[in-house]
Amino acid sequence: MLTEISTAIDDRSARGIAAAIGRMITAGTLPVDSRLPTVRALSKTLRVSPTTVSEAWQTLAAVGAIEARGRLGTFVRQPVGPGSPQRYRRVTEGPGHFELDLSSGTPDPDLLPDLSRVVALVSRQSLTSSYLDQPVLPELDRILRDTWPFAAEDMTVVDGAMDALDRVAQVIVRLGDRVVVEHPCFPPVIDLLERLGAEVIGVDVDTEGISVEGLRAALALQPTAVFLQPRAQNPTGVTMTARRCAAISRLLATSTAIVVEDDHSGDIASGALFSVGSTLPSRTVHIRSFSKSHGPDLRLAAIGGAGDVVSAVANRRLLGPGWSSRILQAVLVALLQDPATAKSLRKARQEYTRRRRVVTDVLAERGVPFTGTDGINLWMRVDDERSALLTLAAQGIGAAPGKPFMVRDDDDSLRVTVGLLQGSDHEIAAVAHRLADAAALSQDRFGVRRPGQR
């Protein structure tokens, strides 16, 4: 193997060595679990410094292509590297069409504001006169700053929450960095961080938000960033309380980690918004999405907070798309100023709350553990994930498997988008009983959360 590797290397710099071995791993010449030569042996054969080979090994390890196993040596592993979003695909690629699909995590289209009148008004405006115009419409910038949970050092607008998370992560996360997320966590966030070569650390979520003791332990590992969802956390539906926000802010003040808050539910969340940025504004990046509240096709999210991070995102974007459609920004401005839209959002919040309440009342009565009080998603414990999914699928009901949301192994669960359950209380309760049947849990196996219990 030493001869094969040395022959394949034509550039004897650290980068060239790493690239050559990476190509051999990709081609299958070096299969998973192959033992690599020692740093000393390869450096002697290539007639380079051991430091050069060591740097190449560090580069490969940073993207998960190799791992050191102590005295056993260094071995090839399946690279994480850039690739398809494996976790997210496991959520979205179900077995087929369902009569009632509660797996999507999307809002009810019937509860979105009516865009037709606003779009007609905006279409008569001339919005962009130059490629050099500011990327955010001045009126939108003013509205965002007036309603932001803290004084943002800088503000920009991008194409939705995941675009925001992607761009922020690329600014603050480097290969090998430790990054804290909530457990369970939205699968695309885990996919994104793993593709960047980060070590993802999951911290449990309880009824008030991310665990204080769990975060304390994670901060001892000196993470680069902490990613949070302050309201209607996906998948658990937990909204962070004021008390928890204050507690974690005190902890985070002793670290150097950047805090990234993803307020993905926005105006359809019924809980109050509490932000770490009110205490640590220069180290907090807050993201507010308008997709679930005002419409997925608006594809807009605002990023505001730590000036060095937000300006880096905006400056890098100038080399690509430059700005998010100012026409869509103008539509959003009109919606944010429209009394009819505000009324529509109040109605949506009330309706989502009703649908969740009906389901959770049934689950509590049937002894099925669940979490959260907010948003469109519900996290419910099941005896066996696969069996529960098949049982529901046989009845024409789709739910999202829990495992892709897990940072580490945990009890079997499902994410159910209860916000899509239309109909009367009686009709929704009938579906809830089917969910409870699929869970197949006895009341004494887990602690059961009763309505109103916190």
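The values are calculated or read from the model by the stated rules, or taken from the named source; none is laboratory data. Remember, it's a predicted structure, so these values are computed and weren't measured experimentally. No Cβ is skipped: glycine too gets one built from the backbone with ideal geometry, and neighbour counts run over all protein chains shown.
A few points about this structure:
- Close pairs (6 angstrom Cβ cut-off, 6 or more residues apart or separate chains): assigned by TED's automatic domain parsing to the domain that holds VAL205 in the stretch 158-185, of a type in the set (Ser, Thr, Tyr) and part of a strand (DSSP E or B) anywhere: ALA161/SER289
- Checked against the criterion of being part of a helix (DSSP H, G or I), surrounded by fewer than 20 Cβ atoms within 10 Å (Cβ to Cβ), at pLDDT below 95 and basic (Lys, Arg), the candidates ARG90, ARG124 yield just one match: ARG90.
- Annotation note: Cβ proximity below 8 Å between a residue of the stretch 189-202 that is in the same structural domain as VAL179 (by TED's automatic domain parsing) and a residue that is part of a strand (DSSP E or B) and charged (D, E, K, R) (sequence gap 6+ or interchain) occurs for VAL189/ASP262; ALA198/ARG178; GLU199/ARG178; ILE201/ARG178; GLY202/GLU182.
- Test for GLY237: is it in contact with a His (Cβ under 8 Å, 6 or more places away or on another chain), modelled with pLDDT of 95 or more and either part of a helix (DSSP H, G or I) or not hydroxyl-bearing (Ser, Thr, Tyr) (or both): no
- Scan the stretch 433-454 for residues that are within 18 Å of GLY402 (Cβ to Cβ) and at pLDDT 50 or above and the total you get is 8.
- Filter pass, PHE227 being hydrophobic (A, V, I, L, M, F, W, C), touching a helix residue (DSSP H, G or I) at 6+ places or on another chain (Cβ under 8 Å), crowded, with 21+ Cβ neighbours inside 10 Å and more than 18 Å from SER249 (Cβ to Cβ): no
- Residue match in the stretch 405-422 (condition: closer than 28 Å to LEU115 by Cα and more than 26 Å from the chain's Cα centre (by Cα)): yes
- Taking the stretch 1-33 as the range and being in a loop (DSSP other than H, G, I, E, B), under 35 Å from the mean Cα position of the chain (by Cα) and crowded, with 16+ Cβ neighbours inside 10 Å as the test, only LEU30 passes.
- Yes/no for VAL331 being buried (at least 20 other Cβ atoms within 10 Å of the Cβ), among the aliphatic types (A, V, I, L, M) and in contact (Cβ under 8 Å) with a residue 60 or more places away in the chain: yes
- Residues of the stretch 27-39 satisfying the condition of being free of Cβ contacts under 8 Å to residues at least 40 places away in the same chain and out of contact with any helix residue (DSSP H, G or I) (no Cβ under 6 Å at 6 or more places or on another chain): ALA27, GLY28, THR29, THR38
- Note on the stretch 190-221: residues that are surrounded by fewer than 21 Cβ atoms within 10 Å (Cβ to Cβ), among the small types (Gly, Ala, Ser) and more than 14 Å from ASP410 (Cβ to Cβ) amount to 2.
- Verdict on THR241 being at negative phi, surrounded by fewer than 23 Cβ atoms within 10 Å (Cβ to Cβ) and out of contact with any Gly (no Cβ under 8 Å at 6 or more places or on another chain): no
- Filter result (among the charged types (D, E, K, R) and loosely packed, with under 15 Cβ neighbours inside 10 Å) within the stretch 309-328: ARG316
- Residue satisfying condition, being closer than 24 Å to HIS264 by Cβ, modelled with pLDDT under 95, of a type outside the set (Gly, Ala, Ser) and not assigned by TED's automatic domain parsing to the domain that holds VAL200, within set ARG408, ARG415: ARG408
- Scanning the stretch 150-189 for residues that are surrounded by 21 or more Cβ atoms within 10 Å (Cβ to Cβ) and in a loop (DSSP other than H, G, I, E, B) gives ALA152, VAL173, PRO184, CYS185, PHE186.
- Only a single item in (1) in contact (Cβ under 8 Å) with a residue 40 or more places away in the chain; (2) over 15 Å from ALA164 (Cα atoms); (3) surrounded by fewer than 17 Cβ atoms within 10 Å (Cβ to Cβ) is not met by ALA342, and it is number (1).
- One residue stands out in the stretch 251-283 among those that are in contact with a Phe, Trp or Tyr (Cβ under 7 Å, 6 or more places away or on another chain) and hydroxyl-bearing (Ser, Thr, Tyr): the one that is surrounded by the most Cβ atoms within 10 Å (Cβ to Cβ), namely SER275.
- Selection count where residues are outside any helix (DSSP H, G or I) and either within 14 Å of CYS185 (Cβ to Cβ) or among the hydrophobic types (A, V, I, L, M, F, W, C) (or both), scope the stretch 240-260: 6
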